[in-house]
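Undergrad: Sending over a structure as structure tokens; questions will come in a sec.
The values are calculated or read from the model by the stated rules, or taken from the named source; none is laboratory data. Computed from a predicted model, the values in this text were never measured in an experiment. A quick note on method: Cβ atoms are made from the backbone with ideal geometry, for glycine too, and the neighbour counts reach across all protein chains shown.
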Number of protein chains: 2
Amino acid sequence: MSAAVTTVDPRSGMSTSTDLHETDPADVAAACSAAAAASRELDAAGRGFRAGLLTTMADALEQRREDVVATADRETALGPDRLNGELTRTAYQLRLFADVLREGSYLEATIDHAGDTPMGPRPDLRRMLVPAGPVAVFGASNFPLAFSVPGGDTAAALAAGCAVVVKAHGSHPLTSALCGEILAGAAADAGAPAGTVAVVFGRGAGEALVGDPHVTAVSFTGGHAGASALKRLIAQRPDPIPFYGELGSVNPLLVTSIAAAERASDIGSGLVGSFTLGGGQFCTKPGLVLVPADAAGDAVIEAVRESLAEVAPPVLLNRGISDSYAKALAGLTRYDPIVGTTPDGQGFAARPAVLVTDRLDDALLDEVFGPLAVVVRYRPDELATLLRRLPGSLVASVHGGSSADAERDAAAAVLRERTGRLLFDGFPTGVAVSWAQHHGGPWPSTDSFHTSVGTTAIRRFLRPMAWQAAPEHVLPEELRDGTVSVPRRVDGALVLPS
Amino acid sequence: MSAAVTTVDPRSGMSTSTDLHETDPADVAAACSAAAAASRELDAAGRGFRAGLLTTMADALEQRREDVVATADRETALGPDRLNGELTRTAYQLRLFADVLREGSYLEATIDHAGDTPMGPRPDLRRMLVPAGPVAVFGASNFPLAFSVPGGDTAAALAAGCAVVVKAHGSHPLTSALCGEILAGAAADAGAPAGTVAVVFGRGAGEALVGDPHVTAVSFTGGHAGASALKRLIAQRPDPIPFYGELGSVNPLLVTSIAAAERASDIGSGLVGSFTLGGGQFCTKPGLVLVPADAAGDAVIEAVRESLAEVAPPVLLNRGISDSYAKALAGLTRYDPIVGTTPDGQGFAARPAVLVTDRLDDALLDEVFGPLAVVVRYRPDELATLLRRLPGSLVASVHGGSSADAERDAAAAVLRERTGRLLFDGFPTGVAVSWAQHHGGPWPSTDSFHTSVGTTAIRRFLRPMAWQAAPEHVLPEELRDGTVSVPRRVDGALVLPS
């Protein structure tokens, strides 16, 4: 019998054994084999069927809302408000992918009829995206629902027609098991095959998963150490499957001179709300803040100090994060941080902090997970140079003046090359799930040209396929001549369904 | 002074020194730095400008047609007919990407206006694809134009707004230098920046290129050994840039029992034309042919034998390919091959050959570059098992009956999972450049979910980017409110330009 899985209460630090066991390699292999068979069935069942499946899953999650939120709260200490919101987001995400399926643009269906070209005769060619096959999803610590078992990667993969095997994050095994049970039940209710969604537990199971020959892609939300370990395992496979890592970043936030002069207080208090949200454990936390080295900038810092005093010390997700946070903070004492309320010493509660400096040392360019922000006081003449030193980020924010602001415009041009989302006059911690969202950015924030949030996340689990001179009955329905329900490119021109 | 570059005449095997020199690392770095500056300018100049640039390049290539074809023929021995056709294809490809730019769907422009959602208020979000930055292109041996300096990767990258540094293939340095000169001249004529296209020479230059910090993606057409070496170098970078490898494959071709009975002779002669085309040095060469083990299948083999006798021994591209081909053939003598005409011993001429076997040994599942095909005689009851053993291929072909054919339909279902293009009743060596083309397939044929031929090849060099609550003047033109010239998704609905 493999080792029992333990769950830890972050509020007390107490560890409890569960009825779950680490999944042994043979069971991982069986799950992947079932996922391969299920992927074929999910593909063949078509877009309408999968839209229904996702909707059934969303309904089932909401029906079990109370259980799920209570379980997740015990394991993450994120609190019922946040977790109820996260469950709502998760259900919304599943339903939005059902819309994506019904709409059908994601297929990129394209037909070139046979004809003459300057290169000579062209055969009939028809292309669309097809499911890649089973996907391995690594759940995140910081979003036990929206980026874990029932989360965005699972929704995108199932929408694509790929069965999913999720490696549960060790921070919330009971939540993962419960969500896995709910999704599997919904899959059965919807008539989906048994291997549609599986959950595996334990580090060894994760290693077996990325090495399994049926797995066609790995999606991961977490830190660089975990990502590197998985990528080393992938490099040992004969086939180089894609690794979609959403890895976090410092997410710079610039306050221009005009913005500081116009609304120092609002910016300062908003900033504290943003970098302490969820205990500062958002991958979009604004970790590096640039304010002008003048009276207006100092007023922003003063507003930060005042707001920070009002923040209760958040409870971090697990011992590893708690220890890393303490260590990072200890390494930065020379910056004489502004600190928030000291926690009472129970569990993984942490003291929020803000470092203020006139110099952006390289050591400050690394992400610190937890309720910490670094404020750099800049002189206007050095701003461009500072911005060019910033590493790639998921999101960069600019607070600019209410009308013309040359500093904002110049910064936007530089930051555009260093981020996947460029945000104005707001805070980056919310990541709306929508058609136009992009949650991904240049290295080190991610390692692909893809998003893990929003409808286009589906592209990660699809591969293109062309049919040449195919008999009509061999073609997928969406590529046959005549009226279809999806937008298509026909002989070069985009055609909407009538 | 670095080493002189030599050119080799494949018809004689004679090597000659050229005026070119291997590019030293400092010059590679300078080219990449210029490419980074040029990429910014190409992006800012807009789609219309880049469409004009590509058209100017196409015109310039055609104006120098005679020189280019003569130079390429001396270095590749592919012959003027083939090379004229390849130049036409190359110019067409550049012009097609100009169409892609003018049409603008490739941007995936998406606008979500601010509004309420079940998750709460959503900010204004606008997404589109933006150029990734400088691209390193590794030219192929077998297509000195269409997959080399002025080829599809260059066209796609420039269209995307990415400047290009091409590593010239050692088989055709003078052709590469000439094409580089033509493209650079056209770029200057079109008003593009100096770093738009550069060509570098020598293995060391290639190594420096993939390690250069400005390079954001590597595209490669060639064999697994070269690809693995480059990927090891990429793994040493701090940032994991994508490697788009188009690596070749066995490209199975099935002749069903009914097809063999209906048209053995046509299939046999067509097959010989296809697998010996360009000296059997197409990445789409049908290398593994399955024919029924019956009288009709034997008639296909007989037609192959007859056609092969008519084929002149092709001259292979270089000594490395020639030596590998001879070695591969020597390792397969136990299959008692049908052989074509023996070459006269000059240069890199090679003897075409067909192996016929009743058993698909694993050794026959590897690609042999050159004019060789393996014919496996199958029993109908073992066909499904045989097909499931096939590795991933760029293209798989099925010759089926003129009406109902259960064997064809069953094979299509199995082959679909093992290929990027599924072709019926034809031969795979032609790869039309079009909107619906897909040239890419499961490992080991490529290592990405992308194509290197056709309009969607542009996606490899683009990364998504979202703007949140951005002032209008900061947004790219295609994301501003009002009428634009590109299709967009607005609040979830696809809208064509009026």
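Undergrad: Just one of the numbered conditions (1) touching a strand residue (DSSP E or B) at 6+ places or on another chain (Cβ under 7 Å); (2) of a type in the set (S, T, Y); (3) modelled with pLDDT of 95 or more is not true of B:T455; which one?
TA: (1)
Undergrad: Is the range A:165-188 home to any residue that is in a helix (DSSP H, G or I) and within 14 Å of chain B (Cβ to nearest Cβ)?
TA: No, the range A:165-188 contains no residue that is in a helix (DSSP H, G or I) and within 14 Å of chain B (Cβ to nearest Cβ).
Undergrad: Which condition breaks for B:S176 when tested against (1) under 18 Å from B:L83 (Cα atoms); (2) surrounded by 24 or more Cβ atoms within 10 Å (Cβ to Cβ); (3) out of contact with any Cys (no Cβ under 6 Å at 6 or more places or on another chain); (4) touching a residue at least 40 places away in the same chain (Cβ under 8 Å)?
TA: (4)
Undergrad: In the list A:T90, A:T154, which residue meets the criterion of being more than 13 Å from chain B (Cβ to nearest Cβ), part of a helix (DSSP H, G or I) and of a type in the set (V, I, T)?
TA: Working: A:T90 fails: more than 13 Å from chain B (Cβ to nearest Cβ).
Criteria check complete, one pass: A:T154.
Undergrad: Exactly one condition in (1) free of Cβ contacts under 8 Å to residues at least 40 places away in the same chain; (2) more than 14 Å from every other protein chain (Cβ to nearest Cβ) is not met by B:T117; state its number.
TA: Going through the list (1) free of Cβ contacts under 8 Å to residues at least 40 places away in the same chain; (2) more than 14 Å from every other protein chain (Cβ to nearest Cβ), B:T117 breaks only (2).
Undergrad: Looking at the range A:5-48, which of its residues are among the hydroxyl-bearing types (S, T, Y) and surrounded by 15 or more Cβ atoms within 10 Å (Cβ to Cβ)?
TA: Just the residues of the range A:5-48 that are among the hydroxyl-bearing types (S, T, Y), to begin with: A:6-7, A:12, A:15-18, A:23, A:33, A:39.
A:T7, A:T23, A:S33, A:S39 - these are the residues of the range A:5-48 that are among the hydroxyl-bearing types (S, T, Y) and surrounded by 15 or more Cβ atoms within 10 Å (Cβ to Cβ).
Undergrad: Of the conditions (1) buried (at least 23 other Cβ atoms within 10 Å of the Cβ); (2) under 26 Å from A:S105 (Cβ atoms); (3) under 26 Å from the mean Cα position of the chain (by Cα), B:G104 fails just one. Which one is it?
TA: Every condition holds for B:G104 apart from (1).
Undergrad: Let me ask something else. Looking at the range A:313-338 only, could you name the residues that are surrounded by 17 or more Cβ atoms within 10 Å (Cβ to Cβ) and in a loop (DSSP other than H, G, I, E, B)?
TA: Result: A:P313, A:P314, A:L316, A:L317, A:N318, A:L332, A:P337.
Undergrad: Determine which member of the set A:D81, A:D116 is out of contact with any Pro (no Cβ under 8 Å at 6 or more places or on another chain) and part of a strand (DSSP E or B).
TA: None of the others qualify; the one that does is A:D116.
Undergrad: Just checking, which of A:R203, A:R232, A:R237 is surrounded by fewer than 19 Cβ atoms within 10 Å (Cβ to Cβ), of a type in the set (K, R) and under 23 Å from B:G441 (Cα atoms)?
TA: Numbers: A:R203 fails: under 23 Å from B:G441 (Cα atoms); A:R232 fails: under 23 Å from B:G441 (Cα atoms).
Of the residues listed, the single one that is surrounded by fewer than 19 Cβ atoms within 10 Å (Cβ to Cβ), of a type in the set (K, R) and under 23 Å from B:G441 (Cα atoms) is A:R237.
Undergrad: Considering only residues that are closer than 12 Å to B:G400 by Cβ and surrounded by fewer than 24 Cβ atoms within 10 Å (Cβ to Cβ), which ones fall in the range B:240-259?
TA: In the first step, residues of the range B:240-259 are kept if they are closer than 12 Å to B:G400 by Cβ; the result is B:253-259.
Listed by number, the residues that qualify are B:S257, B:I258.
Undergrad: Can you tell me which residues in the range A:472-485 are facing another protein chain (nearest Cβ under 10 Å), in contact with a helix residue (DSSP H, G or I) (Cβ under 8 Å, 6 or more places away or on another chain) and either among the small types (G, A, S) or surrounded by 15 or more Cβ atoms within 10 Å (Cβ to Cβ) (or both)?
TA: A:V474
Undergrad: Kindly check whether there is at least one residue in the range B:62-75 that is under 23 Å from B:M465 (Cα atoms), within 14 Å of chain A (Cβ to nearest Cβ) and at pLDDT 95 or above.
TA: no
Undergrad: Go through the range A:458-471 and report how many residues are in contact with a His (Cβ under 7 Å, 6 or more places away or on another chain) and either among the basic types (K, R) or more than 7 Å from chain B (Cβ to nearest Cβ) (or both). Spell out how you get there, then give the answer.
TA: First pass over the range A:458-471, keeping only residues in contact with a His (Cβ under 7 Å, 6 or more places away or on another chain): A:459-460, A:464-466.
Subset that is either among the basic types (K, R) or more than 7 Å from chain B (Cβ to nearest Cβ) (or both): A:459-460.
The qualifying residues number 2.
Undergrad: Let me ask you something else. Among the numbered criteria (1) touching a Leu at 6+ places or on another chain (Cβ under 8 Å); (2) more than 14 Å from chain B (Cβ to nearest Cβ); (3) not in a loop (DSSP other than H, G, I, E, B), which single criterion is violated by A:V149?
TA: Only one criterion is unmet by A:V149, namely (3).
Undergrad: Here are B:R126, B:R122: which of them is among the basic types (K, R), in contact with a Phe, Trp or Tyr (Cβ under 8 Å, 6 or more places away or on another chain) and not assigned by TED's automatic domain parsing to the domain that holds B:L317?
TA: Numbers: B:R122 fails: in contact with a Phe, Trp or Tyr (Cβ under 8 Å, 6 or more places away or on another chain).
Unique residue meeting the criteria: B:R126.
Undergrad: Return yes when B:G195 is in a loop (DSSP other than H, G, I, E, B), assigned by TED's automatic domain parsing to the domain that holds B:G104, within 27 Å of B:R463 (Cβ to Cβ) and not basic (K, R) and no when it is not.
TA: Working: in a loop (DSSP other than H, G, I, E, B): yes; assigned by TED's automatic domain parsing to the domain that holds B:G104: yes; within 27 Å of B:R463 (Cβ to Cβ): yes; not basic (K, R): yes.
Spelling it out, B:G195 is indeed in a loop (DSSP other than H, G, I, E, B), assigned by TED's automatic domain parsing to the domain that holds B:G104, within 27 Å of B:R463 (Cβ to Cβ) and not basic (K, R).
Undergrad: Please verify whether B:S448 is of a type in the set (G, A, S), more than 8 Å from every other protein chain (Cβ to nearest Cβ) and in contact with a strand residue (DSSP E or B) (Cβ under 8 Å, 6 or more places away or on another chain), treating the condition exactly as stated.
TA: Details: of a type in the set (G, A, S): yes; more than 8 Å from every other protein chain (Cβ to nearest Cβ): no; in contact with a strand residue (DSSP E or B) (Cβ under 8 Å, 6 or more places away or on another chain): yes.
No.
Undergrad: Return only the number of the condition from (1) at pLDDT 95 or above; (2) under 30 Å from B:R460 (Cβ atoms) that A:F282 does not satisfy.
TA: A:F282 satisfies every listed condition except (2).
Undergrad: Here's another thing I want to ask about it. Among the residues of the range B:281-289, are any surrounded by fewer than 16 Cβ atoms within 10 Å (Cβ to Cβ) and either more than 27 Å from B:A432 (Cα to Cα) or touching a residue at least 12 places away in the same chain (Cβ under 8 Å) (or both)? Before you say what the answer is, go through the steps one by one.
TA: As a first pass, look at the range B:281-289 and keep what is surrounded by fewer than 16 Cβ atoms within 10 Å (Cβ to Cβ): none.
No.
Undergrad: Separate question: Within the range B:408-446, can you find the residues that are closer than 21 Å to B:F369 by Cα, among the hydroxyl-bearing types (S, T, Y) and in contact with an Asp or Glu (Cβ under 9 Å, 6 or more places away or on another chain)?
TA: B:S445, B:T446
Undergrad: Of all residues in the range B:452-471, which are closer than 22 Å to A:D425 by Cα, in contact with a helix residue (DSSP H, G or I) (Cβ under 9 Å, 6 or more places away or on another chain) and in contact (Cβ under 8 Å) with a residue 60 or more places away in the chain? Give the steps one after another, and end with the answer.
TA: So in the range B:452-471, the residues closer than 22 Å to A:D425 by Cα come out as B:464-471.
Narrowing the set further to residues that are in contact with a helix residue (DSSP H, G or I) (Cβ under 9 Å, 6 or more places away or on another chain) leaves B:464-465, B:467, B:470-471.
Hits for the range B:452-471 are B:P464, B:M465, B:W467, B:A470.
Undergrad: Determine which member of the set B:G120, B:G115 is among the small types (G, A, S) and modelled with pLDDT under 95.
TA: Numbers: B:G115 fails: modelled with pLDDT under 95.
Of B:G120, B:G115, the one residue that is among the small types (G, A, S) and modelled with pLDDT under 95 is B:G120.
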